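The values are calculated or read from the model by the stated rules, or taken from the named source; none is laboratory data. Owing to the predicted nature of the structure, the values given are computational and were not obtained by experimental measurement. Cβ placement follows ideal geometry from the backbone for every residue including glycine, while neighbour counts extend to all protein chains displayed. Note: accessible area is taken over every heavy atom of the protein model, side chains too, but ligands, DNA and RNA are not part of it. Shrake-Rupley method; radii C 1.70, N 1.55, O 1.52, S 1.80 Å.
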Amino acid sequence: MGAMPTQVEGRRGGAVGAKIDFRDGHWIVPDHPIIPFIEGDGTGPDIWRAASKVFDAAVTKMSGAKRSIVWREVLAGEKAFNESGNWLPEDTLDSIREHRVAIKGPLTTPVGGGIRSLNVALRQILDLYACIRPVRYFAGVPAPVKEPRKLDVVIFRENIEDVYAGIEYKAGSAEADAVIEFLSGRFSAKIRPGSAIGIKPMSKFGSQRLVVKAIQYALKRHKPSVTLVHKGNIMKFTEGGFRDWGYEVAKERFSEQTVTEAEGAKRKADVGKLVIKDRIADAMFQQLVLRPDEYSVIAAPNLNGDYLSDAAAAQVGGLGLAPGGNVGDGYAVYEATHGTAPKYAGQDKVNPSSVILSGVMMFEELGWDDVARAIVRGLEGAIAEQRVTYDLARQLPGAIEVSTSAFGDAIIEHLS
Ligand code: NAP
């Protein structure tokens, strides 16, 4: 990390906090970065209390007073609405933009129209084009497959285009009818009158920058392969485009470090290179169940990546342990992948692992790998001891059910 951070503000204990910066494609992380957090609604405060205690303990464990996080609370969801009458105050968006990296608990989705979703707003404003979901097995977690430990993948899902472009018109609307008329008149497309219409735009630019991110991640972490998942046999120009553009950018930008599966590592010089391969989406669902250890980093368009992320998480014991991050160039927001579980709010009961593992992703992105590893070992230790929250305890005969905060403390005891 060459350059020194310039803007100084904020304070935690004796530490003066500074802003994280991003220059020439690299994070510049001060020793005491200011990180905005949204604790979330429902069970969010219980989870955040436990998770932030784990984060602080892990940073202290690995570096004493040399490093710390200067947490800055920003509001969204019910808490923001109760305090300001606004579900998503501009201040929150400004603060996340200014500090570049943030973490959030689950938020209530308000019922009723006209309210902006935080995730959609952040995705658009900060151009968070990669939704990253690591999925791995933690020993001792009940899982529906025989060999869950064979699955260890990181899914990079395109986050802006495809169905997330949100171009959809209701059946019988003037917009849908106009599109139908245009397509049938100009291109003789056969569309049943009165159909609903959805448009699936996928660009070379959007596809390639996602694949580049996946390849860079795989190279940095010495992963064996990147698999492009698509439905290009049917949708040749959108999904097939994703595959072709992916191979193209791998060749153009990473020819020294990658080899395609089709070429194979026939030359001595290609042995040990990152393998780029592709699979058709439906086959990929089978493959992940039958031969999960053949896959490592996965890059997928929006909708396929959506299904694949949850299916993979279910295979290793469910979404309760699945973290997520929405990442762009110089901006990243990490979040729980589950909702607010409102029936348990304030009971100190639910599993905080999704937010804790999202924090692990955050530390890895910022280059604090030692902190990330310590937290993972802490979580492995707590689960191995079978001191777990209700969701895991009810599936594990003999396990001791503990509260959210006690589970966090068990993780802290096992930090190493
Ligand atoms: P949910 O909050 O994910 O809860 C569904 C069930 O999942 C819970 O009843 C519980 O199962 C289990 N669960 C969820 N989080 C858990 C945790 N941390 N530990 C253990 N078990 C957990 O889904 P929902 O009830 O459909 O949604 C509630 C609210 O959250 C809605 O307003 C929704 O829009 C919002 N939401 C927000 C996000 C987000 O901000 N990222 C994501 C999804 C939903 P059991 O009942 O079996 O114990």
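Taking segment 336-374, which residues are in a loop (DSSP other than H, G, I, E, B) and more than 16 Å from the ligand (Cβ to nearest atom)?
Of all residues in segment 336-374, those in a loop (DSSP other than H, G, I, E, B) come to 337-341, 345-352, 366-368.
Passing the criteria: Leu366, Gly367, Trp368.
Select from segment 375-392 the residues that are without any contact (Cβ under 8 Å) to a residue 40 or more places away in the chain and surrounded by fewer than 24 Cβ atoms within 10 Å (Cβ to Cβ) and write down the one among them that is farthest from the ligand (Cβ to nearest atom).
The selected residue is Arg377.
Given the options Gly367, Gly408, name the one that is open to solvent by 40 Å² or more (accessible area, probe 1.4 Å), closer than 30 Å to Tyr331 by Cβ and of a type outside the set (S, T, N, Q). Lay out the reasoning, then the answer.
Numbers: Gly408 fails: open to solvent by 40 Å² or more (accessible area, probe 1.4 Å).
Result of the check over Gly367, Gly408: Gly367.
Collect the residues in segment 252-270 that are part of a helix (DSSP H, G or I), farther than 17 Å from Tyr217 by Cα and open to solvent by less than 80 Å² (accessible area, probe 1.4 Å), keeping them in residue-number order.
Correct list: Ala269, Asp270.
Please enumerate the residues belonging to segment 75-113 that are more than 16 Å from the ligand (Cβ to nearest atom), open to solvent by 10 Å² or more (accessible area, probe 1.4 Å) and either under 23 Å from the mean Cα position of the chain (by Cα) or free of Cβ contacts under 8 Å to residues at least 12 places away in the same chain (or both).
Glu83, Ser84, Gly85, Asn86, Glu90, Asp94, Ser95, Arg97, Glu98, Arg100
For Arg72, only one of the following conditions fails: (1) more than 13 Å from the ligand (Cβ to nearest atom); (2) open to solvent by less than 70 Å² (accessible area, probe 1.4 Å); (3) of a type in the set (D, E, K, R). What is its number?
Unmet for Arg72, out of (1) more than 13 Å from the ligand (Cβ to nearest atom); (2) open to solvent by less than 70 Å² (accessible area, probe 1.4 Å); (3) of a type in the set (D, E, K, R): (2).
I'd like the full set of residues that are more than 22 Å from Gly378 (Cβ to Cβ), touching a strand residue (DSSP E or B) at 6+ places or on another chain (Cβ under 6 Å) and open to solvent by less than 30 Å² (accessible area, probe 1.4 Å), limited to segment 124-175. Walk me through it before giving the result.
Of the residues in segment 124-175, the ones more than 22 Å from Gly378 (Cβ to Cβ) are 124-131, 144-147, 150, 153, 155-175.
Checking which are touching a strand residue (DSSP E or B) at 6+ places or on another chain (Cβ under 6 Å) leaves us with 128, 130-131, 153, 155-157, 159, 167-169, 175.
Listed by number, the residues that qualify are Leu128, Ala130, Cys131, Val153, Ile155, Phe156, Arg157, Asn159.
Quick one: Glu39 ticks every box in (1) open to solvent by less than 10 Å² (accessible area, probe 1.4 Å); (2) within 16 Å of the ligand (Cβ to nearest atom); (3) not hydroxyl-bearing (Ser, Thr, Tyr) except a single one, so which number is it?
Checking Glu39 against (1) open to solvent by less than 10 Å² (accessible area, probe 1.4 Å); (2) within 16 Å of the ligand (Cβ to nearest atom); (3) not hydroxyl-bearing (Ser, Thr, Tyr), the one that fails is (1).
If you scan segment 48-74, which residues turn out to be touching a strand residue (DSSP E or B) at 6+ places or on another chain (Cβ under 7 Å) and of a type in the set (Val, Ile, Thr)?
Correct list: Ile69, Val70, Val74.
Six or more apart or on different chains, Cβ under 7 Å: which pairs go from a residue in segment 244-267 that's farther than 16 Å from Gly206 by Cα to one that's open to solvent by 60 Å² or more (accessible area, probe 1.4 Å) and assigned to a loop (DSSP other than H, G, I, E, B)? Could you list them?
If the second residue must be open to solvent by 60 Å² or more (accessible area, probe 1.4 Å) and assigned to a loop (DSSP other than H, G, I, E, B), the pairs left are Ala265/Val271.
Do any strands (runs of 3 or more DSSP E) lying entirely in segment 1-85 carry at least 2 residues that are at pLDDT below 95, and which ones are they? Break it down stepwise before answering.
Details: elements: 8-12, 15-18, 21-23, 26-28, 34-38, 70-73.
Where strands (runs of 3 or more DSSP E) fall fully within segment 1-85 and carry at least 2 residues being at pLDDT below 95, they are 8-12, 15-18.
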